[in-house]
Amino acid sequence: MVAGSIPAEGAMTADLEGAMISPAVRRRLDRIATRAALDPNVSGFALRVRHADADPSDDVVFEAADARHVHAVASSTKTAAALLVLRRVAAGQLALDQPLASILPRDELVGLNRFGGRDHADAFTVEQILAHTSGIPDYYERVRLDPRSDIAAITAADPGWSYGDALDHARALEAPFAPGAARAHYSGTNYQLVGRLLETVSGTTLADVMRDELFRPLGLHDTRLLTPDTLAEFDAATPLLFRQQAYRGVRRLASLGAEGAIVSSTGDMMTLLDAVLDGVAAPELAERWLSDFRPMRRGVDYGLGLMRFRLPRIATGLPAPGHLLGHAGMTGHVMAGDPVSGWRVVVAVNQLGAPAAAFRPLTAVLRALTRRG
């Protein structure tokens, strides 16, 4: 592993002579990481770069002096949860077109989507909640923080919410469309249901399912699911910012479950990304998983727990078509890989007030990697 550490004064002390990284690229990455680490809106900047054909020991790794080894990865958790569901589909234990009401109690689904004046509780499928095509509203809209408030105090005192609370919040919102649309509507409620589905079919807790069926088999030794019983994992992770304020919402994050409660290192998340992009995680479904996407918002399509980022090629320098596959989270965590060039990048900026800030170093890194000379 080729590692770097960014001291508090910002001087880079990295030795980046990875097998596929030239000295010129090494210097570019050095400048990018140093600049990102010094950004006052970034907490504990971390970066990992890998090529699909290289050994993990050749990773280029940066960790700022204020970074801890693990980070709250937020919605990048969805890829892990989707993988567990897809493995069960591949094993014949579930089907993507299976009605959700055949797995979960129907009364939990009633009222989640009343588009067009009728209740669609019986129409939801496993595929729809994975792909955000269920039309179920995003409950998180009702618990979103006011950026003008005292974020540190409010989040420290926030008790979080339960699965039932999340569903009740969703029922109070208007559905954007009936289930099965050709477009995606990003909704944390879908992955609250994914978490409950995994607990139901496994007969144990989501934390146990993830530990026993994903973290241990893939060797994700730094990865945990933050739960109300494991709140100490929050303090072990790099501190989070909400713009210029400290974010102390440990119970809020622990409420997210399958939609966003993983705490992990860049190394472990790169391992997860490798397993997905190399098709080894769920080989029977790999082709579909890596190609089946629906438009969600400008520049982003959504698949089965996977995002496709359609970033401008002028920004990334990637070869055609220039689409990255991976996931992003509201803590400013991004994991993304280019199937054509083979470059894969994991970035953590630990900033909830402007999570898109992670894409600045991401695109800069890709330009550095693909630039000639």
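For every residue, the table says whether it meets (1) in contact with a Phe, Trp or Tyr (Cβ under 9 Å, 6 or more places away or on another chain); (2) open to solvent by 40 Å² or more (accessible area, probe 1.4 Å); (3) of a type in the set (D, E, K, R).
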position: W161; (1), (2), (3): yes, no, no
position: D168; (1), (2), (3): yes, yes, yes
position: T189; (1), (2), (3): yes, no, no
position: R211; (1), (2), (3): no, yes, yes
position: L225; (1), (2), (3): yes, no, no
position: P228; (1), (2), (3): no, yes, no
position: F234; (1), (2), (3): no, no, no
position: S255; (1), (2), (3): yes, no, no
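Just one of the listed residues (A368, A286) is of a type in the set (A, V, I, L, M, F, W, C) and touching a residue at least 60 places away in the same chain (Cβ under 8 Å), and it is A368.
Among the residues that make up the range 292-302, is at least one of them free of Cβ contacts under 8 Å to residues at least 24 places away in the same chain and either closer than 27 Å to F62 by Cα or of a type in the set (A, V, I, L, M) (or both)? Looking through the range 292-302, at least one residue is free of Cβ contacts under 8 Å to residues at least 24 places away in the same chain and either closer than 27 Å to F62 by Cα or of a type in the set (A, V, I, L, M) (or both).
Residues of the range 310-367 that are part of a strand (DSSP E or B) and small (G, A, S): G326, A328, G329, A336, G337, A348. Within the set E233, E213, E199, the sole residue that is more than 17 Å from the chain's Cα centre (by Cα), assigned to a helix (DSSP H, G or I) and more than 22 Å from A95 (Cβ to Cβ) turns out to be E233. Residues in the range 283-338 that are touching a Phe, Trp or Tyr at 6+ places or on another chain (Cβ under 7 Å) and farther than 18 Å from L273 by Cβ were compared, and the one that is surrounded by the most Cβ atoms within 10 Å (Cβ to Cβ) is M296. Of all residues in the range 99-135, those that are part of a loop (DSSP other than H, G, I, E, B) and more than 21 Å from E259 (Cα to Cα) total 6. Scanning the range 51-66 for residues that are part of a loop (DSSP other than H, G, I, E, B) and open to solvent by 20 Å² or more (accessible area, probe 1.4 Å) yields A52, D53, A54, D55, A65, D66.
Could you list all residues from the range 257-277 that are open to solvent by less than 10 Å² (accessible area, probe 1.4 Å) and hydroxyl-bearing (S, T, Y)? Within the range 257-277, S264, S265, T266 meet the criteria. Scanning the range 85-108 for residues being in contact with a Leu (Cβ under 7 Å, 6 or more places away or on another chain) and free of Cβ contacts under 8 Å to residues at least 40 places away in the same chain gives a total of 1.
The values are calculated or read from the model by the stated rules, or taken from the named source; none is laboratory data. Quick caveat, the model's predicted, so the values are computed rather than measured. Don't worry about glycine lacking a Cβ; one is built from the backbone with ideal geometry, like all the others, and counts go over all protein chains shown. Accessible surface is based on the protein model in full, side chains and every heavy atom, while ligands, DNA and RNA are left aside. Shrake-Rupley method; radii C 1.70, N 1.55, O 1.52, S 1.80 Å.
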